[in-house]
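Contents: one structure, followed by commentary.
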Ligand code: DOR
Ligand code: ZN
Ligand code: ZN
């Protein structure tokens, strides 16, 4: 089956392409990208006039909750949320039950994904056994079972020596060590960003230093070892500035930011709606502004959702008792589209969702040249919709964006040459 995507504006930062081209797909592979390609008689033609045709979007930080927490999410529902949200590849974090700290769990995830998933699922293995922070995992086995990075996300690696060893070991395989930076002695029991609003609303705060002291440590350890540290969900100006400086000095450091840290401030926690509770917390305007600068100047490598689905009971309770996290896959694209032009360019946005994460992970994805796998995301910059969490494919309805009207949504998601979602609706076989 051949597909011909006609009349779209193709943006492929990996190949330095931005222009009006047609894209032909044959048997799951990009066959040709060119001006005015002629359809063959059996080709399915997709009219992409007014749309943006991009390499398939990659979200390198999601929580799919399988094994162990299928009441929060399943690979079937999480990958449908991803497809509806415009993503063709997701990397799933290892804070499952059991933890993905060995080849058997990674192989299980890959099997369930092959059977029930509709986008590509690349697992992230744990840095330490059971994410306990004591003993590093057998990373060679994890890689052989399909893992593309290691992380103890959800928990920081508290001991510097363990992080040092992990970086040394991971370096042998060119594997990124993905660090959730949080000094628990500073953040413990904190609910929101420590600042004016934590005092005003009466919440225990999480200081910016809780993230920054560990980011500083990890950057120093990357410098010491030459290993690749990737700092998760950066939320503060201080973290950004350290990364900017370290990059200039040639340290092997990369980082990611989430849509919620770019579009919300701590002020919204005054609703006492636990859907605003997330770790790291929503920060003040000063930090949001700094993160936007980090996108403009190229310090930030990729945008990730940190999709953290939770069951209703985990959120429909007192703020202090609620779980941390936002169900993010189905709102990320329009939230970031809302920043395009005002804050950064469309080309920058596409880069952060495609070749950016592909380069962090060292995977052969994120471009649409002839011969590449046909993973494609088509955006409709004119589409306007109101976020309705009840309609999420994700089991996690925990979003602070319910009822918001956003402009610029995914139009079509194509995985391996197959259309899996159109206008936010999953196309089942
Ligand atoms: O908000 C968060 N949710 N932050 C984390 O670090 C973990 C995640 C989760 O697993 O729910
Ligand atoms: Zn985290
Ligand atoms: Zn996470």
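Remarks
- Those helices (runs of 4 or more DSSP H) of segment 157-260 in which 3 or more residues are in contact (Cβ under 8 Å) with a residue 60 or more places away in the chain and farther than 28 Å from residue 338 by Cβ occupy 160-171, 208-225.
- Selection of segment 357-373 for residues being surrounded by fewer than 24 Cβ atoms within 10 Å (Cβ to Cβ) and in a loop (DSSP other than H, G, I, E, B) yields 362, 363, 364, 365, 367, 369, 370, 371, 372.
- Residue under evaluation residue 101, criteria (1) surrounded by fewer than 24 Cβ atoms within 10 Å (Cβ to Cβ); (2) more than 16 Å from ligand 2 (Cβ to nearest atom); (3) assigned to a loop (DSSP other than H, G, I, E, B), criterion not met: (1)
- Test: residue in segment 202-216 that is closer than 15 Å to residue 178 by Cα and away from ligand 2 (no atom under 16 Å from the Cβ): yes
- Of all residues in segment 142-152, those satisfying the criterion of being under 22 Å from the mean Cα position of the chain (by Cα) and surrounded by fewer than 24 Cβ atoms within 10 Å (Cβ to Cβ) are 143, 145, 146, 148.
- Which listed residue, of 78, 68, 40, is surrounded by 15 or more Cβ atoms within 10 Å (Cβ to Cβ) and either touching a residue at least 24 places away in the same chain (Cβ under 8 Å) or touching a strand residue (DSSP E or B) at 6+ places or on another chain (Cβ under 6 Å) (or both): 78
- Criterion (at negative phi, touching a helix residue (DSSP H, G or I) at 6+ places or on another chain (Cβ under 8 Å), without any contact (Cβ under 8 Å) to a residue 60 or more places away in the chain and surrounded by fewer than 19 Cβ atoms within 10 Å (Cβ to Cβ)) met by exactly one of 390, 385: 385
- Cβ-Cβ under 8 Å pairs, at least 6 apart or on other chains, segment 88-108 side on the phi > 0 side of the Ramachandran plot, far side surrounded by fewer than 24 Cβ atoms within 10 Å (Cβ to Cβ): none
- Any hit, segment 22-29, residues being assigned to a strand (DSSP E or B), out of contact with any strand residue (DSSP E or B) (no Cβ under 6 Å at 6 or more places or on another chain) and more than 16 Å from ligand 3 (Cβ to nearest atom): yes
- So residue 139, is it surrounded by 21 or more Cβ atoms within 10 Å (Cβ to Cβ), touching a residue at least 12 places away in the same chain (Cβ under 8 Å), within 16 Å of ligand 2 (Cβ to nearest atom) and over 23 Å from residue 307 (Cβ atoms): no
- Hey, residue 307 within 16 Å of ligand 1 (Cβ to nearest atom), closer than 24 Å to residue 360 by Cα and touching a strand residue (DSSP E or B) at 6+ places or on another chain (Cβ under 8 Å) or not: yes
A short reminder: the numbers here are calculations on the coordinates, not readings from a lab. These numbers come from a predicted model, not from an experiment. So basically every Cβ, Gly included, is an ideal-geometry build from the backbone, and we count neighbours across all protein chains shown.
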